[in-house]
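Working notes for the structure below.
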Amino acid sequence: DTLRVAVIGTGKMGADHVRRIQGIVSGARVSAVVDVDAERAKAVAARVDGCTAYTDPVTAMTADDVDAVLIASSGPAHEAALLAALDRDLPVLCEKPLTPDAASALRVLEAERKLGHRRVQVGFMRRYDPEYVRLKALLNTGQLGRPLMLHNRHRNAASPPFFTSEMLISDSVAHETDVTRWLLGQEITAVTVLRPRPSVNAPDGLQDPQFVVFETDGGAVADVEIFVNCGFGYQVQAEVVCERGTARIGDGHAMVTNMAGRWGGTIAQDFTDRFADAYDRELQAWADATRRGEVTGPSVWDGYAAAAVCEAGVRALTDGGRVEVELVERPGLYA
Ligand code: NAD
Ligand code: ISE
C-alpha cells in the first residue's frame with residue numbers, strides 16, 4: 001500500500017520534494033510529475049522509475065496510479081489544483097500559501113466543507129522543525145505562564161529578482177502568521193507594518209526590511225523583522241516572552257568552534273538547508289497520516305487565516321496604519 005504521489009510543479013521546491021519522497025520518505029513514491037514547462041517535468045520524471053510527466057494537473061489526477069497530490073506550483077496556481085483534487089476526494093499536501101488571498105482560500109475551505117472531511121494539509125513546515133516543536137511543547141506545559149509577546153526574526157540572504165515589497169508579507173511573513181497563531185493558540189486580529197529605511201543592498205524600490213506587528217485575540221503582541229536581503233545568510237529566530245520567563249529558538253548554536261582567538265559557528269544560506277529536517281518530517285508525517293486515511297497537519301482553516309492576515313498586512317504596508325483582520329466563523333470541521 002505504497003502511497004503513489006503526483007507532484008505538481010517541479011521548480012525549486014517541487015523537485016526537492018520529489019527527491020525527498022524517493023530517497024527519504026518511507027511508504028510513498030512519486031508516480032507522476034506535472035509542470036506547465038513540459039521539459040522541466042520530463043527532466044524530473046527521467047530521474048524516477050515508473051514516473052510519468054504531465055503538463056496538466058487534472059490529467060495527472062485522473063491517472064490510475066495516483067493516490068495523493070503534492071502541490072508545489074506557484075501560489076496563484078494552487079486554487080485550481082486544490083479544487084480539482086477535492087473534487088476527486090484526493091489527499092493533498094499544498095505548499096504555502098494555500099492561495100494568495102482570503103477570497104480564494106475561502107473557496108477552497110467551502111469545497112472541503114462540502115466534501116465533509118478534511119483532505120488538505122498546508123505546507124507550514126516550521127510546525128515540524130525540532131526547535132519550534134520544543135518551544136511549542138514548553139509553552140503547552142504552562143511552566144512559563146501566559147505568553148505576552150513573541151519576537152520573530154526572518155532573514156534571507158537575498159531575494160529573487162521577481163520579489164516585490166508586498167511579497168515580503170504574503171510570501172515570507174506568511175510563515176510567521178502561522179507560527180504566531182500556532183505557538184500562541186490565538187487568532188491574529190490586527191496588523192501594522194512599519195517601514196525602516198531600505199537597505200542599500202535591497203534592489204531599487206524594494207521596501208526591505210519591514211517591521212510587522214500582530215495583535216491577537218488573546219491580548220498578546222507579536223513582532224516580525226522581515227529582511228530578505230540581509231546578505232549574510234538565512235536566519236529564522238523566535239523568542240516568546242511569558243509571565244514567568246522567556247524561551248528562544250533559532251540561534252543556530254548546534255556547534256560552536258574556537259579558533260585563532262575567535263569563537264563562532266556557521267549560518268545556513270537557504271531555507272532548504274535550515275529547514276531540511278522540517279521538510280523531511282513534514283512529508284513523512286503527511287504520508288503516514290494519509291495512509292491511515294487521516295489529516296493531522298496544518299488545515300485549510302490555517303491556510304485561510306494566514307491568507308486573511310497577509311491580506312491585511314499588505315493593506316497596512318501600502319495604506320499605512322493599523323488594519324483589522326476579518327475572519328469568517330470557524331466551521332465545525334476545523335474545531
Ligand atoms: P518555482 O518557480 O521554482 O517553481 C514553481 C513551478 O511551478 C515552476 O516550474 C512552474 O513552471 C510551475 N507551475 C506554475 N504554474 C503551474 C501550473 N498551473 N501547473 C503546473 N505547474 C505550474 O517556485 P518554488 O520556489 O519551487 O515555489 C513553489 C511553491 O513552494 C510556492 O507556493 C512557494 O510559496 C512555496 N515555497 C515554500 C517554501 C517553504 O519554505 N515552505 C520555500 C519556497 C517556496
Ligand atoms: C519562501 O517562499 C519561503 O517560503 C521561505 O521559507 C521564506 O524564508 C522566503 O522568504 C520565501 O520567499
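Would you say Val240 is buried (at least 19 other Cβ atoms within 10 Å of the Cβ), within 23 Å of Val224 (Cβ to Cβ) and among the β-branched types (Val, Ile, Thr)?
For Val240, the condition - buried (at least 19 other Cβ atoms within 10 Å of the Cβ), within 23 Å of Val224 (Cβ to Cβ) and among the β-branched types (Val, Ile, Thr) - is met.
Taking only the stretch 46-68 into account, find how many residues are surrounded by 13 or more Cβ atoms within 10 Å (Cβ to Cβ), more than 25 Å from the chain's Cα centre (by Cα) and among the small types (Gly, Ala, Ser).
Qualifying residue count, the stretch 46-68: 2.
Quick test for you: out of Arg126, Arg134, pick the one residue that is in contact with a helix residue (DSSP H, G or I) (Cβ under 7 Å, 6 or more places away or on another chain) and not in a strand (DSSP E or B).
The match here is Arg126.
Here are some residues: Gly250, Gly231, Gly218, Gly245. Which one is in contact (Cβ under 8 Å) with a residue 12 or more places away in the chain and within 13 Å of ligand 2 (Cβ to nearest atom)?
Answer to the check: Gly250.
When the stretch 63-100 is examined, which residues are found to be without any contact (Cβ under 8 Å) to a residue 60 or more places away in the chain and of a type in the set (Asp, Glu)?
Selection gives Asp64, Glu79, Asp87, Asp89.
Let me confirm something: among Val328, Val309, Val314, which residue is touching a residue at least 40 places away in the same chain (Cβ under 8 Å) and in a loop (DSSP other than H, G, I, E, B)?
So the residue among Val328, Val309, Val314 that is touching a residue at least 40 places away in the same chain (Cβ under 8 Å) and in a loop (DSSP other than H, G, I, E, B) is Val328.
Among (1) closer than 23 Å to Ala137 by Cβ; (2) in contact with a strand residue (DSSP E or B) (Cβ under 8 Å, 6 or more places away or on another chain), there is one condition Gly233 misses while meeting the rest; what is its number?
It fails just one condition, (1).
Would you tally the residues in the stretch 162-189 being farther than 26 Å from Ser73 by Cα and surrounded by 15 or more Cβ atoms within 10 Å (Cβ to Cβ)?
6
Under the condition of being touching a helix residue (DSSP H, G or I) at 6+ places or on another chain (Cβ under 8 Å) and part of a loop (DSSP other than H, G, I, E, B), which residue from the stretch 266-296 is nearest to Asp129 (Cα to Cα)?
Going through the qualifying residues, I end up with Phe275.
If you go through the stretch 142-160 one residue at a time, do you hit one that is away from ligand 2 (no atom under 16 Å from the Cβ) and either out of contact with any strand residue (DSSP E or B) (no Cβ under 7 Å at 6 or more places or on another chain) or farther than 24 Å from Asp217 by Cα (or both)?
Taking every residue of the stretch 142-160 in turn, at least one turns out to be away from ligand 2 (no atom under 16 Å from the Cβ) and either out of contact with any strand residue (DSSP E or B) (no Cβ under 7 Å at 6 or more places or on another chain) or farther than 24 Å from Asp217 by Cα (or both).
Out of everything in the stretch 243-255 that is outside any loop (DSSP other than H, G, I, E, B) and not charged (D, E, K, R), what residue ends up being surrounded by the fewest Cβ atoms within 10 Å (Cβ to Cβ)?
Thr246
Based on this model, can you work out whether Gly320 counts as at pLDDT 95 or above, surrounded by 21 or more Cβ atoms within 10 Å (Cβ to Cβ) and small (Gly, Ala, Ser)?
No; evaluated as a whole, the condition is false for this residue.
Identify, please: which residue in the stretch 1-38 is near ligand 1 (Cβ under 10 Å from one of its atoms) and among the charged types (D, E, K, R) and is, among those, farthest from Val92 (Cα to Cα)?
Of everything passing the filter in the stretch 1-38, Asp37 is farthest from Val92 (Cα to Cα).
Within the set of pairs 6+ apart or on separate chains, which have a first residue in the stretch 142-170 that is closer than 27 Å to Arg248 by Cβ and outside the structural domain of Gln269 (by TED's automatic domain parsing), a second that is within 13 Å of ligand 1 (Cβ to nearest atom) and among the hydrophobic types (A, V, I, L, M, F, W, C), and C-beta atoms under 8 Å apart?
none
For the stretch 20-58, which positions are assigned to a helix (DSSP H, G or I), away from ligand 2 (no atom under 16 Å from the Cβ) and under 22 Å from Gly75 (Cβ atoms)?
Across the stretch 20-58, the qualifying residues are Ile21, Ala38, Arg40, Ala41, Val44, Pro57, Val58.
Do you know which residues across the stretch 190-229 are buried (at least 17 other Cβ atoms within 10 Å of the Cβ), in contact with a Ser or Thr (Cβ under 7 Å, 6 or more places away or on another chain) and either of a type in the set (Asp, Glu) or within 30 Å of Asn140 (Cβ to Cβ) (or both)?
Within the stretch 190-229, Asp208, Phe214, Glu215, Thr216, Ala222, Ile226 qualify.
Between a first residue in the stretch 278-298 that is of a type in the set (Asp, Glu) and a second residue that is crowded, with 18+ Cβ neighbours inside 10 Å, which pairs have beta carbons less than 8 Å apart while being 6 or more apart in sequence or on different chains?
Once the first residue is of a type in the set (Asp, Glu) and sits in the stretch 278-298, its partners that are crowded, with 18+ Cβ neighbours inside 10 Å give Asp280/Arg20; Asp280/Val25; Glu282/Leu93; Glu282/Gly123; Glu282/Met125; Glu282/Arg127; Glu282/Tyr128; Glu282/Gly297.
The values are calculated or read from the model by the stated rules, or taken from the named source; none is laboratory data. Because the structure is predicted, anything quoted here is derived from the model rather than measured. Note that we place each Cβ from the backbone using ideal geometry, even for glycine, and neighbour counts take in every protein chain shown.
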